[in-house]
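Chemist: Starting off with a structure, shown below.
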Amino acid sequence: MHHRTKTLLTMLLPAAVVVLLAAVVVLLRTDEPAPPPDETAKPGISVTAKELHLMPEVSKERRRIVTSRLQAALERFYVRAFIVPPVAADAAASPAPPGPLKRIHPQMTSSARAALKRRPEIFETTKDLSVFIRTVVFSGVVTMDGSNPIDALLDVDFNARATPVGRSAPLASLRHVGTMRLKRTASLGWLVDGFDLKLRTKPLLTPSPSPR
């Protein structure tokens, strides 16, 4: 009896090891790596799709994926454009952080970069501002090739509040509004391929403290 049990265990052990290894392989394949730091929602901007037309239309699940990836691309772009990176503790010994134009270059095609060179002020003007309470609302048309998006023509409306870096006043409203054309690439995802945007700022009155 003892010999039979030992023989049975000897036969089952290799099979169990194979099953365990297969399970580990499956876990490794389905556990997606964390996105790089600039892909995350930190510090974050609220991005909402208002009305999006996909041509031709696709399934609800595919529409959800296309919409969420557009939202992520716009969030990355506006974080890079308007949010000043935190300054290191040893800032005196560190090189100056890149300005907004350099930060958004990786998310633009060569034609969009050329347009940016002609009109840098629509992004460069805010380089010394701390931007907060940030929202983006977009709508438009996405051209599809089967289930894959090719390009998108979007109306975008970015709203925020801003103060000079390191100060709590004066307070201003900031609005970045217009159209943006995006192109989908296999290796880099959505890239800005063109834009017609206007930057509007308006001073806001800071409430005076109530007399005591």
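Chemist: How many residues are among the aromatic types (F, W, Y) and within 18 Å of D193 (Cα to Cα) if we restrict to the stretch 116-140?
Modeler: Number satisfying all stated conditions: 2.
Chemist: Say whether the condition of being touching an Asp or Glu at 6+ places or on another chain (Cβ under 8 Å) and either at pLDDT below 85 or crowded, with 16+ Cβ neighbours inside 10 Å (or both) is met by at least one residue in the stretch 195-204.
Modeler: yes
Chemist: What's the total number of residues in the stretch 162-181 that are surrounded by 12 or more Cβ atoms within 10 Å (Cβ to Cβ) and out of contact with any Pro (no Cβ under 9 Å at 6 or more places or on another chain)?
Modeler: Of the residues in that region, 10 qualify.
Chemist: Further question: Can you list the helices (runs of 4 or more DSSP H) lying wholly within the stretch 1-108 that have 2 or more residues being modelled with pLDDT under 70 and among the hydrophobic types (A, V, I, L, M, F, W, C)?
Modeler: Where helices (runs of 4 or more DSSP H) fall fully within the stretch 1-108 and carry at least 2 residues being modelled with pLDDT under 70 and among the hydrophobic types (A, V, I, L, M, F, W, C), they are 2-30.
The values are calculated or read from the model by the stated rules, or taken from the named source; none is laboratory data. Keep in mind that this is a model prediction, so the values were computed, not measured. Glycine gets a Cβ as well: all are built from the backbone with ideal geometry, and neighbour counts include every protein chain shown.
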